[in-house]
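**Student:** First, the structure itself, so that you have it in front of you.
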Amino acid sequence: MTISKPYKKFLYFILLLLVLVGACRKDPKQTDSETEKVSSGSSSTIKGFYLVNEGNMGSNKASLDYYDYTTGNYTRNLFGSVNPDVVLGLGDVANDVAIYGAKMYVVINNSNQVEVMNARTAKHIKEISVPNGRYITFYQNKAYITSYEGYVAVADTGTLTVEKTIKVGRQPEQLAVVNQKLYVANSGGYDPANYEHTVSVINLSTQTVTKTIDVAINLDKVVADKYGDIYVTSRGNYYDISPKLFVIDTQNDVVKKQFDIAAGGLTINQDIAYLYTSSYNYNTGNSTITYRMLNVKDETLLNQSFITDGTDQQIKTPYGIAVDPVSLDVYVTDARDYVSSGILYCFDKTGKKKWSVTTGDIPAHFAFLY
C-alpha cells in the first residue's frame, strides 16, 4: 500500500510530538514527607493526631507523623517537610510529645532539648535545653520535664526558658499531675544493680518535693484516672523480679492496690485502662505479649482484649498506645525490629482492625489535636 505524502507528514508530526513529550516528562519529585490516604475521619472535635517516632539512638532519625481526621491522610516526616532549614531535623531519640495551648512540645532525649513548635502547623518556634529529657506534662502555664540527670525541669510556656529544677530520684521517667501535686516515677535505670523504687511527690504551689512513696523497682509509666488515683508501672529487673502495675491513692499518697501484670504500654480513657503486657526474661529467654483492659472505677482486670480479630498475632513489638476519646478507636504501634519503619494499627471500639499504615522508625508517642 502506498502512503500519500500528506499522510506521511502527519505521521512525522505525531512521532515528533511524542518524542518531545517524552523528553519533557520528569520522574515524580521525591520529598522528605510522604502522604498516604488511609481512612476518612469521623470526629467533630478532634482534628487529628501527631505520632512521634523515636528513631534509634545515634541515628538522628526522630520524626513526626500526622494523621488528618478531615481528609483521612497520613503524612510521614511532617516536621522535616515544614522545617527544611532546621539542619538536624527533629533530632536524636524523641521520647515524648504533648500539646499545651497553641504549642506542641517534643522531648528529644539524646539531643538534650525540647523542640517547641506551632501545634497546628508543626512550624519550629524554639528549643528548650534539657539534658537527657524523658517526659513532659503541664500545670498553670508551666512545663514540667523529667531529666535523667535526676531532676524535673520547670519551664515557662510563655518565655520557653527553664526557670528552676527540682531534684527527685535517679533517672526519673513519666510524670502526672493530680490534685495540685506532681507525681514522678523514678527508675534508677542506669544502675540495674541498684534500681530506684520510689515515686516523688511535688507540691506544685511550692515546687518542692513533699514526699517519696516506696513502690517497686525500675518504675516507668505514670497515668492518672478521673477518680484521683494514679497507675504506676514497674518493669522489674528482667530476671527474678517480675513487672507489676500499682495503684496509688493521691489523697493519702499510698499504694492501695497491686496487679501482677507487666504494663509495657498504658493509657486510660474514662473508666477503662488499655494496656499491653510486654515483658522479657533473660533467664528463660521468653517474651510474653498480651492485650488487656482494666476497669479503673472498680479496679478490676477485665477478661477481654481490646483486639478481637486476631490482628494481635501480626504485631511483633508493641511500642505505643492511644485511644480516641470520642470514637474510642484504639491505636497501637509496632516497632518491629527497631531498625526499620514501624506500623500503626487502628482498631474500632469492638476490637476490629480498621486500617494500618507505615510509620517512621520506632513509632511511640501520640498527641491529639483538638
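The values are calculated or read from the model by the stated rules, or taken from the named source; none is laboratory data. Keep in mind that what you see is a predicted model, and the values were worked out from it rather than measured. Don't worry about glycine lacking a Cβ; one is built from the backbone with ideal geometry, like all the others, and counts go over all protein chains shown.
**Student:** Would you pick out the residues in region 321-357 that are under 17 Å from G48 (Cα atoms) and within 15 Å of the chain's Cα centre (by Cα)?
**Tutor:** Passing the criteria: I321, A322, V323, D324, V330, Y331, V332, T333, L344, Y345, C346.
**Student:** Going by the conditions given, is T206 at pLDDT 95 or above, out of contact with any helix residue (DSSP H, G or I) (no Cβ under 6 Å at 6 or more places or on another chain), part of a strand (DSSP E or B) and among the polar types (S, T, N, Q)?
**Tutor:** When the stated conditions are applied, T206 does not pass them.
**Student:** In region 164-184, which residues are of a type in the set (A, V, I, L, M, F, W, C), under 18 Å from V130 (Cα atoms) and in a strand (DSSP E or B)?
**Tutor:** I166, L175, V184
**Student:** Condition first: assigned to a strand (DSSP E or B), surrounded by fewer than 22 Cβ atoms within 10 Å (Cβ to Cβ) and either in contact with a Ser or Thr (Cβ under 6 Å, 6 or more places away or on another chain) or among the basic types (K, R) (or both). Now tell me which residues in region 335-360 satisfy that.
**Tutor:** If the condition is that a residue be assigned to a strand (DSSP E or B), surrounded by fewer than 22 Cβ atoms within 10 Å (Cβ to Cβ) and either in contact with a Ser or Thr (Cβ under 6 Å, 6 or more places away or on another chain) or among the basic types (K, R) (or both), then S341, I343, Y345, K353, K354, W355, T358 are the ones that fit.
**Student:** If I ask for residues that are surrounded by fewer than 18 Cβ atoms within 10 Å (Cβ to Cβ) and out of contact with any Ser or Thr (no Cβ under 9 Å at 6 or more places or on another chain), which ones from region 168-209 would you list?
**Tutor:** Matches in region 168-209: Y190, D191, P192, A193, N194, L204, S205, T206, Q207, T208.
**Student:** Looking only at region 291-316, which residues are surrounded by 16 or more Cβ atoms within 10 Å (Cβ to Cβ) and either out of contact with any strand residue (DSSP E or B) (no Cβ under 6 Å at 6 or more places or on another chain) or part of a strand (DSSP E or B) (or both)?
**Tutor:** Scanning region 291-316 gives Y291, R292, M293, L294.
**Student:** Under 6 Å between Cβ atoms, at least 6 apart or on separate chains: pull out the pairs that start in region 124-145 with a residue that is among the acidic types (D, E) and end on any residue that is surrounded by fewer than 24 Cβ atoms within 10 Å (Cβ to Cβ) and not in a strand (DSSP E or B).
**Tutor:** none
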